[in-house]
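The block underneath contains the structure these notes are about, expressed in structure tokens.
The values are calculated or read from the model by the stated rules, or taken from the named source; none is laboratory data. Computed from a predicted structure; not experimentally measured. We place every Cβ from the backbone using ideal geometry, glycine too, and count neighbours over all the protein chains shown.
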């Protein structure tokens, strides 16, 4: 029952439109003599591939250090049908990982959603300009192997340094990111772990021709 409730919350987060500046309609008109603002290409991603590694601590007593390596595979989906202007898209990812928690090695598989929170600076005229994009990533997964902790819910925050040029299909390049992760064991929500990982994200922007 708890697993079903957690999955329902995740699906609701996918379906509900994200309230953030990046999701607001972009004006296509501008006062005379001014350039129209560029569209934000990073609010959702047509393709996302990433590799990362890091470590942290579990929440047991006494706390012990943990290690992690993993990959992320994802793309854009429309949970409630196609919306004009791609307003209904979300980036959904499958996160696969190998970790060591309390001296026990295990594998995990997790389904997450990359919800755009904020970017800085706003869309710029130069596509080569770097910007910071922050995503919130609620998820649900399962860890198998020795030790804790079976089914779990997760809350992650990704801080990625992107540029429009690196997101386009004719000039795709990897971008660095840092991700802060917190996992909660579903059988016992007080158990879990906290970790920080760093890696490279290879992504294709939301309007770059991948259907």
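A compact table of results
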read-out	value
Residue within the range 124-133 that is surrounded by 14 or more Cβ atoms within 10 Å (Cβ to Cβ), within 21 Å of residue 188 (Cβ to Cβ) and touching a helix residue (DSSP H, G or I) at 6+ places or on another chain (Cβ under 8 Å) present	no
Output for the range 145-183, where each listed residue is touching a residue at least 60 places away in the same chain (Cβ under 8 Å), farther than 16 Å from residue 40 by Cβ and out of contact with any helix residue (DSSP H, G or I) (no Cβ under 9 Å at 6 or more places or on another chain)	148, 177, 179, 181
Only listed residue being more than 27 Å from residue 169 (Cα to Cα) and either at pLDDT 95 or above or outside any loop (DSSP other than H, G, I, E, B) (or both), chosen from 70, 56, 76, 85	56
